[in-house]
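The structure appears right after this line, and notes come after that.
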Amino acid sequence: MKMAQRIAMASLLFAFFLPTQSRGAASEWVTSPGGAFRIVASQPQPDGLIPAILEVRLNPGWKTYWRDPGSSGIPPQITLDPAGGVTLEAIRFPPPKAFGEGPGRYVGYDQPVAFPLRLKRIGDESDVTIRASVFLGICEDICIPVQGELELALKSGGFDNPLDGARIDKAVAALPEAPSEEFKVETARFDAMAGMIRLDLRLPREAAAATPQLFLAGPSGVFFGKPVLASEAGATRRAEIAVRLAGKDGSIAGKPVTLTVRAGERSMETTLAFD
């Protein structure tokens, strides 16, 4: 009798973890020479938000790009078919790295990366389908544009694979933290005559000896040079970033600029606004 019970229990567990039991918590992978990508999502929450990520798998030696890749590169772009009952409100980015120097400098990732997506259900339909057209750059020596169509059906009451849920939670946890008293921008100003942003940063005490890395992204037509940091160590640092503006507008007044700072093991993100 005990043996029969064990066999029955094992059969139930096996059936529970069969891939066919998952009702589409992850789309199929789209593959390219340098890697692959897919969308992973969970059931819509009561407020209509859908936890999701764009997961990018990179082969050794290959890279992909941040929201502002620099002088070259293609940031991730996602377009959703509204007929599926889902809209994309935002793509969020973990802290990146800088690669290269001079005109060839760019910003991105050299390890597998997951971009949290802010998706929202349209209307009150219990079942939705994520139909996404994804366009991104994956590079080794040169950038290869990659485009693919992904589809993921989320059925009301469907089974969510706990491993996929853990992937989403891990990606969200890897995002930069919000500003705090110990990690923030204390002052930010734009010197229009010099074409320079000047920042005073407050770093976490445990990162006071580290060299912080700064990454900036702005609206179309705003380009940033490599940040230059004052040499002295300490919890307070000064940074200068050259700004180039395309067109006739010689100011960044009223144009939001996203700043991400890496300091030791921590990262912080904030939005800069200039008068």
When restricted to Ala114, Ala52, the only residue at pLDDT 90 or above and over 25 Å from Leu216 (Cβ atoms) is Ala52
Taking the range 233-246 and keeping residues more than 19 Å from Lys184 (Cβ to Cβ) and surrounded by fewer than 12 Cβ atoms within 10 Å (Cβ to Cβ) leaves Arg244, Ala246
Q) Does Ala217 count as surrounded by 12 or more Cβ atoms within 10 Å (Cβ to Cβ), touching a Lys or Arg at 6+ places or on another chain (Cβ under 8 Å) and free of Cβ contacts under 8 Å to residues at least 24 places away in the same chain? A) no
Within the range 47-85, of all residues that are among the small types (Gly, Ala, Ser) and open to solvent by 20 Å² or more (accessible area, probe 1.4 Å), the one farthest from Gly100 (Cα to Cα) is Ala83
### Message
Being open to solvent by 50 Å² or more (accessible area, probe 1.4 Å) and either without any contact (Cβ under 8 Å) to a residue 12 or more places away in the chain or out of contact with any helix residue (DSSP H, G or I) (no Cβ under 7 Å at 6 or more places or on another chain) (or both): is that true of Pro112 here?
### Response
yes
Output for Cβ contacts, cut-off 7 Å, separation at least six or different chains, first residue not assigned by the TED database to the domain that holds Gly234 in the range 255-266, second at pLDDT below 95 and not basic (Lys, Arg), reads none
Scanning the range 132-163 residue by residue, the ones that are open to solvent by 70 Å² or more (accessible area, probe 1.4 Å), under 23 Å from the mean Cα position of the chain (by Cα) and either of a type in the set (Val, Ile, Thr) or farther than 30 Å from Gly61 by Cα (or both) total 2
Residues in the range 1-46 that are at pLDDT 90 or above and open to solvent by 90 Å² or more (accessible area, probe 1.4 Å) total 2
Per the filter on the range 92-105, residues in contact with a Pro (Cβ under 6 Å, 6 or more places away or on another chain) and open to solvent by 30 Å² or more (accessible area, probe 1.4 Å) are Arg92
Those residues of the range 28-64 that are within 21 Å of Ile130 (Cα to Cα), in contact with an Asp or Glu (Cβ under 7 Å, 6 or more places away or on another chain) and not in a loop (DSSP other than H, G, I, E, B) come to a total of 3
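The values are calculated or read from the model by the stated rules, or taken from the named source; none is laboratory data. Here the structure is a predicted model, which is why all the values come from computation and not from measurement. Counting neighbours? That spans all protein chains shown, and the Cβs are built from the backbone with ideal geometry, glycine included. These accessible areas exclude ligands, DNA and RNA; they are computed on the full protein's heavy atoms, side chains included. Shrake-Rupley method; radii C 1.70, N 1.55, O 1.52, S 1.80 Å.
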